[in-house]
Structure formats: structure tokens, C-alpha cells
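Below is one structure; the comments refer to it alone.
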Amino acid sequence: MYTITDQLKDMGFSINPLDYIIKRNNNHRQFNTSDYFCIFIVLQDLDLHVENVFHSIKAGNIVFIGPQKNIVFGKSKGPEIYIIAFSSCFYERSTKDSLFLNSQLFFNYSSDIFVAPFLNKVEMKVIFMERMKSFQEKDESLYVAAAHNAIERLMLDAFLHIPSEEIKKDYNFEYLYYVNKFKVILQRDYKKAKKVSYYANELNITSRKLTEMTEYIFGKTAKQLIIEKLIAEFEKAINFSNRTISEISYELGFSDEGNFSNFIKKHAGKYPSEMK
């Protein structure tokens, strides 16, 4: 399992070349973002899988990935891919910061990643490597401030590539905050917890309140989102692995294959064997 750097652990922020991170992981290319938010600065083409979905990212793009995501990096042909990782505690200093963090950049409802282009490769290298290194060598407090500003600049630039009608959906911060926290916990615990009450307790709100929030944001109940998550994970497993239906049902937290088959039939309209 990958061990995070002392800087990320102590400060809540780090920026490193992908090659360095893979080397620290004993040359394994599988990672989980855990509780961290990640931004990839892609200065050369990059292939990766996020939650078993393949993405081919061209040079000149920035990739935003939220917490609790499984990532597998493909082979890269050079060192010019940089990974920024940071915690919510490091970045959140104001309501505006929270709104940015809980936006479509990291909680893109139609994909596990959000990709936005940048224009100037030279400027990107100067800002995020040379400039950050200079601040780090000079003073830690300046380095922290520079890191916060650098993250904000990347997010602001990326917001230009979100359709205006989508941005308008983020006006109710409280609901977005809780719903996105729910999605993070669901991503982490969907195999073991399938009741709305579990997630509501984790968020210190009532089940009714959580459902009210998810209906407002998504037009779906919290229970529907849990069911959709389980079905989506089953479809990924059945399409991208050689595991049997019995193995998948056990992995998804069902002790009885028959109950699992009935669950899929009820909510997907087909038995698991018909979806294989």
C-alpha cells in the first residue's frame, strides 16, 4: 500500500512528478486517492484508469480527481506529469474555498474525473515547479500561501470550461456540501453499508434530511443513489473482470447470491446472468 509523503501527512499538500510517486510505491501503478483531492498537470500524454474506466489524457490538460478514487496509471514516456495532492483541511479557509472544493471539478456527476485544458506549458512549469520550489526553500508559511493560491488558480481556470447552467446548480452550498460528503462516504463504504441511516449517521444528520438534500441536488432519494452505485459497480465488474456472479455478489457485500440476483432484477430489470 502506498505510503504518503511526510509533507502531505504533516502539511496537507504536496506536488511531485508522477515518476517519483510510482517509484515510492515500489513501481506499482495502482493508487487510491484516499481522503485527498488530486490535480494532475499533464505536460505529456497520459493513459489511466479511474474506477475501472479508461481515460486517455492528452498533453496540455489538467485532471481533477476527488477523494476515494481507485487509479491505475498506464506507462508514461517521460517525467512531465505532476501530481498535486491536498486535504480539505489544507485548502478550506472560507465558504468560497468550500464551494470550489465541492463543485463539479471534484464531484463531476457524469464522470469520476474532470478535464480542463491549459494553454501555456512553459508558464505551467514555471508556476508549479520553479515558483513553488523557490517559496519552499525560502519560507514554509510563504510556501503554504503559494500552494493555496496555485490550487485556486487552477480551479478558477477550470471553471471556465464548466457550462454556465451547470455552475448555477451549485448555488445551495449546504446541500452540495452534504451530498458530496455523502458521495465520498458511499464510495468508501458501499460494500459494507446499504442503509440510508448509516450514511446519515456518518454525516450527523437525519435520514430524512439526507434524502431531502439528494432529491434537491439529483432529483433522486439517497436510497436510489445507493442502489445505483451498487448496480454501477456490478456492471463494471461484470464487464471488466473475469469474476463470477457469485464472487461479485460477495465482494459487493451480499451474503446470498440469490438475494443479490433478485436485487439486480428488481432494480436493473434483468437478472445478473442476463447482463453478463
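The values are calculated or read from the model by the stated rules, or taken from the named source; none is laboratory data. What you see is a predicted model, and the numbers here were worked out from it, not measured in a lab. Cβ atoms come from the backbone with ideal geometry, glycine included; neighbour counts cover every protein chain shown. Calculation scope for accessible area: heavy atoms of the full protein, side chains included, ligands and nucleic acids excluded. Shrake-Rupley method; radii C 1.70, N 1.55, O 1.52, S 1.80 Å.
Sort out which residues of the stretch 54-69 are touching a Ser or Thr at 6+ places or on another chain (Cβ under 8 Å) and either open to solvent by 20 Å² or more (accessible area, probe 1.4 Å) or not in a loop (DSSP other than H, G, I, E, B) (or both), and write them in order of number. Matches in the stretch 54-69: ILE65, GLN68, LYS69. I'd like to verify a number: residues in the stretch 1-19 that are more than 23 Å from LEU142 (Cβ to Cβ) and part of a helix (DSSP H, G or I), how many? So the answer is 2. Taking the residues in the stretch 75-109 that are at pLDDT below 90, open to solvent by less than 20 Å² (accessible area, probe 1.4 Å) and of a type outside the set (Ser, Thr, Tyr) as candidates, determine which candidate is nearest to the chain's Cα centre (by Cα). Filtering first and then ranking leaves PHE107.
Within the stretch 217-276, the residues that satisfy the criterion of being part of a helix (DSSP H, G or I) and either in contact with a Pro (Cβ under 6 Å, 6 or more places away or on another chain) or basic (Lys, Arg) (or both) are LYS223, LYS229, LYS236, ILE245, SER261, ILE264, LYS265, LYS266. Selection within the stretch 209-220: residues that are without any contact (Cβ under 8 Å) to a residue 24 or more places away in the chain and in contact with a Ser or Thr (Cβ under 8 Å, 6 or more places away or on another chain). The member of this set that is most open to solvent (accessible area, probe 1.4 Å) is GLU215.
Applying a threshold of 9 Å to beta carbon distances and a minimum spacing of six or more residues, or different chains, the list of pairs starting in the stretch 1-24 at a residue that is touching a residue at least 12 places away in the same chain (Cβ under 8 Å) and farther than 18 Å from ALA150 by Cα and ending at one that is open to solvent by 70 Å² or more (accessible area, probe 1.4 Å) and among the β-branched types (Val, Ile, Thr) reads ARG24/THR3. Take the residues in the stretch 1-28 that are within 19 Å of the chain's Cα centre (by Cα) and open to solvent by 50 Å² or more (accessible area, probe 1.4 Å); name whichever of them is farthest from ALA158 (Cα to Cα). Result: MET1. If the condition is being more than 24 Å from VAL196 (Cα to Cα) and open to solvent by 70 Å² or more (accessible area, probe 1.4 Å), then the stretch 245-276 contributes GLU247, LYS270, TYR271, SER273, GLU274, LYS276. A Cβ distance below 7 Å, combined with a sequence gap of six or more or placement on separate chains, defines the contacts here; from the stretch 246-268, residues that are farther than 11 Å from PHE234 by Cβ reach residues that are among the basic types (Lys, Arg) and surrounded by fewer than 18 Cβ atoms within 10 Å (Cβ to Cβ) in the pairs GLY253/LYS191; GLY253/LYS192. For the residues PHE240, PHE234, the requirement of being aromatic (Phe, Trp, Tyr) and open to solvent by 30 Å² or more (accessible area, probe 1.4 Å) singles out PHE240. Whenever a residue of the stretch 154-166 is farther than 11 Å from PHE114 by Cα, it has no partner that is surrounded by 10 or more Cβ atoms within 10 Å (Cβ to Cβ) and at pLDDT below 75 lying with C-beta atoms less than 6 angstrom away and at least six residues away or across chains. PHE135 fulfils the conditions (1) more than 19 Å from PRO17 (Cβ to Cβ); (2) open to solvent by 30 Å² or more (accessible area, probe 1.4 Å); (3) among the hydrophobic types (A, V, I, L, M, F, W, C); (4) modelled with pLDDT of 80 or more except for a single criterion, (1).
Against the conditions (1) open to solvent by 40 Å² or more (accessible area, probe 1.4 Å); (2) modelled with pLDDT of 85 or more, VAL126 satisfies every one except (2). Per the listing GLU247, GLU233, the residue uniquely farther than 16 Å from PHE107 by Cβ and under 19 Å from the mean Cα position of the chain (by Cα) is GLU233.
On inspection, THR206 fails the criterion of being crowded, with 16+ Cβ neighbours inside 10 Å, hydroxyl-bearing (Ser, Thr, Tyr) and over 21 Å from the mean Cα position of the chain (by Cα).
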